Amino acid sequence: MSDPRIAFLASPTPEAQEALATLQREHGAHAPDQADVLCALGGDGFMLQTLHRHGALGKPVFGMKLGTVGFLMNHYRSDDLVERIAAAEPAKLRPLEMQAMTESGTSTSSLAYNEVSLLRQTRQAAHICIDLNGETRLDELICDGVLTATPAGSTAYNFSAHGPILPLGSHTIALTPIAPFRPRRWRGAILKADTEVRFRVLDPYKRPVSATADSHEVRDVVEVTIRESRDRTVTLLFDREHNLEERILSEQFMT
């Protein structure tokens, strides 16, 4: 890609907006649907927003860190951007699809590039039944919540909840409890990526639960089904010295 058309997208922070103006002066401004590559300027939260808003376009995304967290981003530099994009290593991500049914009978769908998490809404612990591919595997998990994470998201909330870090390309997902009370020793599971995970909320009126796919929250859910998307992928571009696979590996050796 010798002279790519780049669509620059920036978070509202002053640093990101200043970088946006600088890069557009140098490389021009293109709409996302007219560009060859998207360049996201911000932190991981803004990268996830970019993927949700523009992922359906199928354009590769090169992120540069101008935010508080930048695991999915490259270092920010305003020079040699075209050369960096040309030499970048791609990482293909496949999101999770969440289907959430609420107490009122409404059904909501959403994608998650990091994780889908269920959390108690009140002071009382959640009681959740877990089915895998239609078979009940855990009759009752008493907990603050439970989540399902992709490999790319396994170093985020999942890792903070003591879940496993998953290698990129491992075709697995993590199932991780959040502050489990019963069974106290259950630490979760690593599942094949094509596993259908269904959470059924027990006693949802007394013990209400919300479900969140990345940043999209649905409250008062009674059942949540999660599966890996079959038809949606996104490609992130990384500098060779900071590729995502190496970062995920390095996270497992941090002391």
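The values are calculated or read from the model by the stated rules, or taken from the named source; none is laboratory data. Nothing here was measured: the structure is a model prediction, and the numbers come from that model. Cβ atoms come from the backbone with ideal geometry, glycine included; neighbour counts cover every protein chain shown. Calculation scope for accessible area: heavy atoms of the full protein, side chains included, ligands and nucleic acids excluded. Shrake-Rupley method; radii C 1.70, N 1.55, O 1.52, S 1.80 Å.
For this structure, a couple of remarks:
- Only residues that are open to solvent by 40 Å² or more (accessible area, probe 1.4 Å), touching a residue at least 12 places away in the same chain (Cβ under 8 Å) and of a type outside the set (Gly, Ala, Ser) were counted in segment 1-22, giving 6.
- Any hit, segment 103-120, residues being open to solvent by 60 Å² or more (accessible area, probe 1.4 Å), modelled with pLDDT of 95 or more and either hydrophobic (A, V, I, L, M, F, W, C) or under 17 Å from residue 242 (Cα atoms) (or both): no
- Taking segment 45-124 and the strands (runs of 3 or more DSSP E) fully enclosed by it, no element has 3 or more residues that are of a type in the set (Asp, Glu).
- Neighbours by Cβ (under 7 Å, 6+ apart or cross-chain): first from segment 170-198, of a type in the set (Phe, Trp, Tyr) and part of a loop (DSSP other than H, G, I, E, B); second surrounded by 13 or more Cβ atoms within 10 Å (Cβ to Cβ) and modelled with pLDDT of 95 or more: 181/125; 181/142; 181/143; 186/177; 186/180
- Between 155, 148, the distinction of being in a strand (DSSP E or B), among the hydroxyl-bearing types (Ser, Thr, Tyr), open to solvent by less than 30 Å² (accessible area, probe 1.4 Å) and under 30 Å from residue 244 (Cα atoms) belongs to 148 only.
- Leading residue by the ranking (farthest from the chain's Cα centre (by Cα)) among those in segment 199-220 that are of a type in the set (Gly, Ala, Ser) and not in a loop (DSSP other than H, G, I, E, B): 210
- Filter result (assigned to a helix (DSSP H, G or I) and either exposed (fewer than 12 other Cβ atoms within 10 Å of the Cβ) or in contact with a helix residue (DSSP H, G or I) (Cβ under 9 Å, 6 or more places away or on another chain) (or both)) within segment 23-34: 23, 25, 26, 27, 32, 33, 34
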